[in-house]
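Just below is one structure, and these are the notes that go with it.
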Amino acid sequence: MPPKDTIRVAIIDDNRLVREALTAMLNRLTDIHVVSSDVADSASLAETKPDVLLLDVGLRDQDSLRVAATLRQENPDAKIIVMDLLPVNEEIMEYVNAGVCGFVLKDATFEEFIATIRSVATGTKVLPPRMTESLFSQIAKEVDGQEPAHVLEDVRMTPREREVIDLIGEGLSNKEIAQRLNIATHTVKSHVRNVMEKLALHTRLQIAAYSHREG
C-alpha cells in the first residue's frame, strides 16, 4: 500500500512491454506508485482508485477517445493524461472535451513525462509546447475571423505592450514571455491586463487574433 500522499497511477496500454517498463520506472520514484497496469479495466480502476490515468491513444482494439470519455465518467476524481505522438489539432480538442487533463508525447524525456504526471496530479492542465504552438495558432486564426467587440484600432500602446501582444500571438505563455523579455512574470501579467483594457478585449485568444490581424 503506497503512502497517503503518493500519486497513484494507472497505466492503460495494450502493449505489455510498455506497461511493464513504465511501471518499473515510475515505481522507482518515492512520490509516484503504479496501482494498476492493464487495458482499460473498470473493476480494477474502481478498486485501486488512481489519481492519474495514463492512456495510450493507440489502443488497437478500442477507440481511445471513447475510452477517455468513459474513464472520465467512471473515475471523476482521476486526472487523465493521453500518451501519443503529435496528434492533429482537432483530436486535441476532442480529447480535452472528453475530460483529458494533459498530453505527453511519446518522444518526451523521462523528466518531462514525470513533470507532466506531477503537474496534472495537482490540477494543472498540461499541453506540450509543440502542441501549444500548433493549437494556439489554429484557434487564433479562427478567432481572427470573428471581429472582436469594440477593438480600438487607434489606441496607443507602449513598445513593451506591443512586444507582449506579438509574443502572445506566437502562442507563448506569461512565463515564456517573461523569459524572452527578461522581465518578471507578474510584470507580464500587468502588461496583459493593460492590453486587454486598452483594446477592450477579454481573452488571450482575442489578443492573439488582434496580433495576427495587425501583422
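The values are calculated or read from the model by the stated rules, or taken from the named source; none is laboratory data. Note that this is a predicted model, so its numbers are computed, not measured. Reconstructed Cβ throughout: ideal geometry from the backbone, glycine too, with neighbour counts over all protein chains shown.
Looking at region 104-111, can you tell me whether even one residue there is surrounded by 14 or more Cβ atoms within 10 Å (Cβ to Cβ), in contact with a strand residue (DSSP E or B) (Cβ under 8 Å, 6 or more places away or on another chain) and either modelled with pLDDT under 50 or in the same structural domain as K79 (by TED's automatic domain parsing) (or both)? Yes.
Going through (1) in a helix (DSSP H, G or I); (2) at pLDDT 85 or above one by one, R28 falls short only on (1).
Quick test for you: out of A184, A200, A178, pick the one residue that is modelled with pLDDT under 85 and of a type in the set (G, A, S). Walk me through how you get there before you give the answer.
Values: A184 fails: modelled with pLDDT under 85; A178 fails: modelled with pLDDT under 85.
None of the others qualify; the one that does is A200.
When E47 is tested against (1) part of a strand (DSSP E or B); (2) modelled with pLDDT under 85, just one condition goes unmet, and that condition is (1).
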